Amino acid sequence: MKIALVIDDALARPDGVQEYVRTIGRAMGERGHEVHVLCSGEAGAPPPGITAVHSLTSNVGVTFNGNGLRTPRPAPRSRLREFLAAERYDVIHVQTPHSPFFAARVVRAARRVQGDAVRIVATFHILPDGAVSEWGTRALGLMLRRNLRLFDAFAAVSAPAAAFALRAFGIGAAVIPNAVRVDEIAAQASARPWPAYPRGRVIIAFLGRLVERKGAVELVEAVAALPADVRESVVLRIGGKGPLAGRIDELVALHGLGDVVSLEGFVTDEAKPGFMAAAHLAVFPATGGESFGIVLTEAMAAGSGAVLGGDNPGYAWTLDNSAAVIDPRDTAAFAARLATLVGDREERAAIHAQQAARVRDFDVAVVAERVLSLYDRRE
């Protein structure tokens, strides 16, 4: 098959939707399919398994659902028709919610050029982080109502995302989660281990953007609230960068955590598995706006001792274990849960065992076959 994966943003940006496109694109390429990415902004070099990346319009920066992202400028309709007539894809796979100015125009142009000869599908990726983003997405769904009728099938990356897709867009979507390369990440973790803590403390690790909804500040406050003897037995490693780095520095100074909290800065993709594998507790206390939890599955695959996530619906669904879900806004309860797990190696091991099995549900070998079923005209 000749497959086009459509994303409104630039592919090179380090976000969850881009990671989905790179992972699924590589998996399809490895199965012998020809994979192209249609995007906005800079095209960049094709990632492994992907034949070509085509930028068909420019883009501008916006903030939505707690994320900084790029939105496409209107793509010339005549250019899209000429491009699609030349390429003639068998499948067009759109990442949605999608822009009326780019991905929606790709869908309309493909139907005009190829009619029913092309199968058009979509994967729904978001959950709102508040009322504004929810109503914004609902308004977009109304705007795209006619465009959505041109699609053959829909998927969503989690059950909560599928429920929101029905509520906001009026579409029924099969649940096909994000994929992770379990064995490859485990091998990377072994090949590039992160240094152990020299004093034998329990390592708590956070990895992500230092922005409000990812919960790094809440994690630092929970560590500060630990009983003194527990606090002295842990180290918190924070990997990532962002606008809250200064706020975290202030909290470290305020609570006297200089010997406890270590800001590691940006952690490269190659180093991430080792960083997470070194953690006895990998903690991702996102407060909302998460449709899935790619960082959770990456930490599980890397071999983190136990992975904890914030009690937002996407993370809770991905973890599928109430023992691993925390409320980041309740500092006392958050600290109590950390204290329990720091002191209970057996409970950490039980959570680890459940997660080692759970992450196999998201392995690329499993997920890619389900995506192929989405592409199948017999479905």
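What follows draws every value from the coordinates through simple rules; no lab data is involved. In this text, all values refer to a predicted model and were calculated from it rather than measured experimentally. Here Cβ is always computed from backbone atoms with ideal geometry, including for glycine, and neighbour counts include all displayed protein chains.
Each of TRP194, TRP135 was scored by other Cβ atoms within 10 Å of its Cβ. Listed from fewest to most, they are TRP135, TRP194. Compactness of the range 279-351, taken as the C-alpha radius of gyration over 2.2 N^0.38 Å, stands at 1.01. The Stokes-Einstein estimate for the range 86-181, based on a Kirkwood radius over Cα pairs and taken at 4 °C with 1.567 mPa s viscosity, is a diffusion coefficient of 94 µm²/s.
Scattering from the range 1-104 was approximated by placing one identical point on each alpha carbon and applying the Debye formula without solvent; log10 I(q)/I(0) at 0.16, 0.17, 0.22 1/Å stands at -0.64, -0.73, -1.21. For the range 91-110 and the range 1-47, compute the distance between their C-alpha centroids and round to whole Å. The range 91-110 and the range 1-47 have Cα centres spaced 14 Å from each other. With coordinates expressed along the principal axes, the C-alpha atoms belonging to the chain extend over 69, 40, 33 Å, beginning with the largest.
When both bridge partners sit in the chain, DSSP labels roughly 10% of those beta bridges antiparallel. Within the straight-line cut-off of under 29 Å between alpha carbons, the lysines reachable from LYS272 are LYS214, LYS241, sequence neighbours fewer than 8 places apart in one chain being disregarded. Over all pairs of different C-alpha atoms in the range 143-190, the reciprocal of the mean inverse distance, the Kirkwood hydrodynamic radius, equals 12.6 Å.
For the range 242-379, the orientation-averaged shadow of the C-alpha convex hull comes to 10.3 nm² (one quarter of the hull surface). A simple spin-label model places the labels of ALA196 and THR268 2.5 nm from each other, with each point 7 Å out along Cα-to-Cβ.
Would you work out the relative contact order for the range 182-362, in percent, from Cα pairs under 8 angstrom that are 6 or more residues apart? It would help to have the intermediate numbers written out before the result.
Details: 350 pairs, mean separation 47.9, N = 181.
About 26 percent, as a whole number.
Which GluC sites (Glu not before Pro) in the range 184-285 sit in a loop by DSSP (not H, G, I, E or B) and have at most 15 other Cβ atoms within 10 Å of their own Cβ? Within the range 184-285, the qualifying GluC sites (Glu not before Pro) (loop, at most 15 other Cβ atoms within 10 Å) are GLU232, GLU270.
List the relative contact order of the chain as a percent without decimals, with contacts defined as Cα pairs under 8 Å and 6+ residues apart.
15
Centroid-to-centroid, using Cα positions, the range 317-375 and the range 179-243 are 15 Å apart.
Per the helix-only calculation at 222 nm, which mean residue ellipticity applies to the chain, given -39500 (n - 2.57) for every DSSP H run of n ≥ 4 and division by its residues, nearest 500 deg cm²/dmol? Don't skip to the end; give the middle numbers.
Numbers: 16 runs with 160 residues, N = 379.
Taken over the chain, the calculation gives -12500 deg cm²/dmol.
The ranking of MET1, MET28 by Cβ neighbour count inside 10 Å, starting from the fewest, reads MET1, MET28. Beyond 20 Å, how much of the Cα-Cα pair distribution for the range 147-291 remains, as a whole percent? That fraction is 58 percent.
In the chain, the longest principal axis of the Cα atoms and the axis of helix 103-114 are about 30 degrees apart.
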